[in-house]
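Everything on this sheet refers to the single structure shown next.
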Amino acid sequence: MIALDHIELTLGSGASSVHVLKGVSLNINASQSVGIVGPSGSGKSTLLMVLAGLEQVDSGSVEIAGERLERMNEDATAAFRGRNIGIVFQSFHLIPNMTALENVAVPLELAGNPDAFAIAERVLAAVGLADRVTHYPGELSGGEQQRVAIARALAPSPKILIADEPTGNLDTATGKQIADLLFEKQRELGLTLVLVTHDAALAGRCDREIRVRSGKIEKDADAPELAKSA
């Protein structure tokens, strides 16, 4: 589902440039869950943005669901992302003057789906928010806002779900509920799940754990819980 080959990426220019990714190669199978971990500044979130087509690489190939992203222009990449990749951020990124229903319907409307609101309502119910569809983000708890963000990511029926610190702004109990929801939907829908996290327990729930340090993959192995049960 995901194949990166010798990815190089430098951000900034001149004296302020930073060589963020250094010869990264990575293959992720369909329906696999992968946790990406590493210290701050290691390049893990940038790697996630490359997978989402939100960062253009300097060299190397980025193949997602059989398509080469580095060969696409910005519009083609955005259209591809809309069809194939759902993204969940740490800070929710909901539109404050739109209801939960409207927030979830946005990507569907942009794609021209005539059933946008019916699908949005169904997906909100699937994440436990059937009674919150008319509420605005400011009227929702942090956990509820992240559920809306997950529903928005799932609404277009993507093949890949990408999550950048999805529990980072939540308390421990709420974070566990959100993690449970992510893995439940990943299994139910057969999604490929790639998440960046500082939470060792969350990474340990994935099929596979990838450790990034100084722009390189330092370790790539079955996650601890999977290895123990093998």
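The values are calculated or read from the model by the stated rules, or taken from the named source; none is laboratory data. Not measured: the values here are computed from a predicted model. Neighbour counts run over all protein chains shown; Cβ positions are idealised from the backbone, glycine included. What goes into the accessible areas is simple: the full protein's heavy atoms, side chains included, and nothing from ligands, DNA or RNA. Shrake-Rupley method; radii C 1.70, N 1.55, O 1.52, S 1.80 Å.
Structure summary
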read-out	value
Hull volume in cubic angstrom per residue (convex hull over the Cα atoms of segment 75-205)	102
Segment S17-E218, extension gain: residue separation times 0.36 nm, minus the distance between their alpha carbons	70.1 nm
Solvent-accessible area per residue for segment 78-230 (1.4 angstrom probe, square angstrom)	47
At least 24 Å along the helix axis (C-alpha) and Kyte average at least 1.0, DSSP helices within the chain	none
Helix-derived mean residue ellipticity, 222 nm - over the chain, DSSP H n ≥ 4, -39500 (n - 2.57), to 500	-10500 deg cm²/dmol
Pairwise label distance in nanometres, D58 with R187, each label 7 Å out on the Cα-Cβ vector	4.3
Mean Cβ count within 10 Å, highest first, over the residues of peptides 97-103, 58-64, 147-153, 163-169	147-153, 163-169, 97-103, 58-64
Solvent-accessible area, 1.4 Å probe, carbon plus sulfur percent, for the chain	48
Percent of beta bridges antiparallel (DSSP, the chain, rounded to nearest 5)	55
Global form of segment 82-131, assessed from the alpha-carbon gyration tensor, a/c cut-off 1.5	rounded
